[in-house]
Amino acid sequence: MNRGSAFRADTAAPAVPGLSHARGDFPILARKVHGKPLVYLDNAATTQKPRAVTAAIRRYYETSNANVHRGVHALSDRATQAYEEARGRVARFLNAREDREIVFVRGATEGINLVAQTYGRVHLLEGDEVLVTGMEHHANIVPWQMACDRAGARLKVAPVLASGELDLAAYGRMLSPRTRLAAVTHVSNALGTVNPVREMIGMAHAQGVPVLVDGAQATPHTPVDVQSLGCDFYVFSGHKLYGPTGIGVLYGKAEHLEAMPPYQGGGDMILRVTFEKTTYNAIPWKFEAGTPNIAGAIGLRAAIDYLDAVGLPAISAHEGGLLAYATEVVGRIPGVRIVGTARRKAGILSFVLEGVHPHDIGTILDHEGVAIRAGHHCAMPLMDLLGLPSTARASFGLYNTAAEVDLLAAGIRKAREVFR
């Protein structure tokens with residue numbers, strides 16, 4: 001019995017015990033699109049939200065809504081406690097040494113911009129270098145281009161092999177005495193490639209180079225331990241983690257955050273202000289100017305609690321099974337080419353269909369109720385490297401099933417028939 005048929009036999013029961021209840025936790029999955037049951041396979045763009053998350057946000061607004069850190073009344077105390085408890089929960093989720101190493105931001109993009117605009121402002125000088133990889137999301141390219149342009153520094157790019165894997169040897173060779181920071185993705189959003197970040201961090205640290213890891217596509221799929229990885233910075237977005245939009249996290253080693261200048265000015269990031277001088281707050285608050293996304297932080301905590309209850313190892317195994325099955329059944333369709341065949345991948349399947357534009361695939365699938373992403377996936381340089389303008393991308397979450405993979409494959413076959 002091959003792997004595909006073995007997995008297909010599990011469609012009546014989940015591939016991994018413990019996930020059978022999860023689908024019912026997401027009310028939106030019960031709706032129909034174009035008269036067909038919704039098959040949501042765009043999880044790399046954003047995930048759907050379990051009741052636990054929406055309930056936590058509603059409960060906050062209905063019982064505890066107030067501004068944080070400033071009020072002396074009971075509601076403000078309650079909101080502050082909930083907000084700071086959310087920070088502590090994130091710290092435990094990433095195994096940070098201290099809660100103050102967790103900065104709440106709008107998302108991974110803002111976290112990277114914060115480091116580029118502050119750490120970069122202090123450390124980047126003319127002739128210095130920042131090293132990224134060829135598979136980065138635009139959010140881990142453009143902020144470094146801006147920082148390098150301002151400083152007269154150079155952005156270097158470690159190449160990617162045709163399989164979608166990083167050329168690790170070339171990455172090592174490109175670390176130089178002028179490298180001031182390496183900024184690398186943990187998991188490629190376009191191909192699903194899982195980078196050997198622990199090894200990459202070790203190679204960089206051996207030359208005294210700090211490392212920022214973009215974990216936007218990693219945290220929903222696998223446990224992350226920042227102390228074990230040894231990274232200097234780690235960023236992720238709440239909305240890709242079954243949490244709300246508008247909230248994300250920058251983890252930074254305390255010694256880095258303490259040495260970095262503030263990112264934005266305003267309330268809450270100060271201890272004292274006169275017209276002559278401002279004394280900044282301690283970390284992490286000196287990076288959180290203005291009223292923060294309190295409800296978002298509380299919703300993120302609920303999402304982390306939910307993921308822990310389901311179990312990230314179980315989720316990883318479930319999605320790995322779906323990816324293997326999808327690679328097999330979609331890859332068998334005549335004219336389909338899987339893009340990205342790295343040995344280690346997370347739950348992302350990129351593909352092209354001969355003679356059919358990815359946008360047309362996405363449109364036809366939409367009419368079948370199947371939601372995927374078609375385009376360059378905010379990774380234009382990677383698409384250029386692959387010689388493709390775009391791909392179709394199906395990405396899996398904890399609530400997806402093998403039966404939904406079969407519907408994806410059926411929709412692709414329909415697209416092939418339409419454009420034959």
Restricting to the range 316-358, and then to whatever is in a loop (DSSP other than H, G, I, E, B) and within 17 Å of VAL418 (Cβ to Cβ), can you tell me which residue is most open to solvent (accessible area, probe 1.4 Å)? GLU354
Which members of the range 35-45 meet the condition of being open to solvent by 40 Å² or more (accessible area, probe 1.4 Å) and either at pLDDT below 95 or of a type in the set (Gly, Ala, Ser) (or both)? GLY35
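Let's see how each residue does on (1) of a type in the set (Gly, Ala, Ser); (2) open to solvent by less than 30 Å² (accessible area, probe 1.4 Å); (3) modelled with pLDDT under 95; (4) not in a loop (DSSP other than H, G, I, E, B):
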| position | (1), (2), (3), (4) |
| --- | --- |
| ALA6 | yes, no, yes, yes |
| ALA12 | yes, no, yes, no |
| GLY18 | yes, no, yes, no |
| GLY24 | yes, no, yes, yes |
| THR47 | no, yes, no, no |
| ALA52 | yes, no, no, yes |
| ARG58 | no, no, no, yes |
| HIS69 | no, no, yes, no |
Hey, among the residues in the range 225-269 that are closer than 16 Å to VAL103 by Cβ and among the β-branched types (Val, Ile, Thr), which one's surrounded by the most Cβ atoms within 10 Å (Cβ to Cβ)? VAL235
Determine whether the range 26-34 contains at least one residue that is open to solvent by 60 Å² or more (accessible area, probe 1.4 Å), within 19 Å of LEU241 (Cα to Cα) and not hydroxyl-bearing (Ser, Thr, Tyr). yes
Looking at (1) open to solvent by 50 Å² or more (accessible area, probe 1.4 Å); (2) more than 24 Å from HIS239 (Cα to Cα); (3) touching a residue at least 12 places away in the same chain (Cβ under 8 Å), which is the one condition that is false for SER163? (1)
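Residue by residue, here is whether (1) under 18 Å from GLY296 (Cβ atoms); (2) at pLDDT 95 or above holds:
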{"residue": "VAL72", "(1), (2)": "no, no"}
{"residue": "ALA108", "(1), (2)": "yes, yes"}
{"residue": "GLN117", "(1), (2)": "no, yes"}
{"residue": "ARG121", "(1), (2)": "no, no"}
{"residue": "GLU136", "(1), (2)": "no, yes"}
Test LEU271 against the criterion of being out of contact with any Phe, Trp or Tyr (no Cβ under 9 Å at 6 or more places or on another chain) and aliphatic (A, V, I, L, M), and give yes or no. no
Members of the range 338-358 that are among the hydrophobic types (A, V, I, L, M, F, W, C) and closer than 19 Å to CYS378 by Cα: ILE338, VAL339, ALA346, ILE348, LEU349, PHE351, VAL352
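Take LEU300 and tell me if it is crowded, with 19+ Cβ neighbours inside 10 Å and either within 26 Å of ILE372 (Cα to Cα) or touching an Asp or Glu at 6+ places or on another chain (Cβ under 9 Å) (or both).
Working: crowded, with 19+ Cβ neighbours inside 10 Å: yes; either within 26 Å of ILE372 (Cα to Cα) or touching an Asp or Glu at 6+ places or on another chain (Cβ under 9 Å) (or both): yes.
It is true that LEU300 is crowded, with 19+ Cβ neighbours inside 10 Å and either within 26 Å of ILE372 (Cα to Cα) or touching an Asp or Glu at 6+ places or on another chain (Cβ under 9 Å) (or both).
What number of residues within the range 103-121 are open to solvent by 40 Å² or more (accessible area, probe 1.4 Å) and either free of Cβ contacts under 8 Å to residues at least 24 places away in the same chain or of a type outside the set (Ser, Thr, Tyr) (or both)? Break it down stepwise before answering.
Let us first name the residues in the range 103-121 that are open to solvent by 40 Å² or more (accessible area, probe 1.4 Å), namely 106, 109, 117, 121.
From what's left, either free of Cβ contacts under 8 Å to residues at least 24 places away in the same chain or of a type outside the set (Ser, Thr, Tyr) (or both): 106, 117, 121.
Residues flagged as open to solvent by 40 Å² or more (accessible area, probe 1.4 Å) and either free of Cβ contacts under 8 Å to residues at least 24 places away in the same chain or of a type outside the set (Ser, Thr, Tyr) (or both) within the range 103-121 amount to 3.
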Given (1) in contact with a Pro (Cβ under 6 Å, 6 or more places away or on another chain); (2) buried (at least 20 other Cβ atoms within 10 Å of the Cβ), index of the condition ARG100 fails: (2)
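Does VAL187 fit the bill of being closer than 30 Å to GLY299 by Cα and surrounded by fewer than 24 Cβ atoms within 10 Å (Cβ to Cβ)? Don't jump to the end; show me each part of the working.
Numbers: closer than 30 Å to GLY299 by Cα: yes; surrounded by fewer than 24 Cβ atoms within 10 Å (Cβ to Cβ): no.
So VAL187 fails the test.
The values are calculated or read from the model by the stated rules, or taken from the named source; none is laboratory data. What you are looking at is a predicted structure, and each value in this text was computed from that prediction instead of being measured. As a convention, Cβ positions derive from the backbone with ideal geometry for all residues, glycine included, and neighbour counts pool all protein chains shown. The area values use the complete protein model at the heavy-atom level, side chains included, leaving out ligands, DNA and RNA. Shrake-Rupley method; radii C 1.70, N 1.55, O 1.52, S 1.80 Å.
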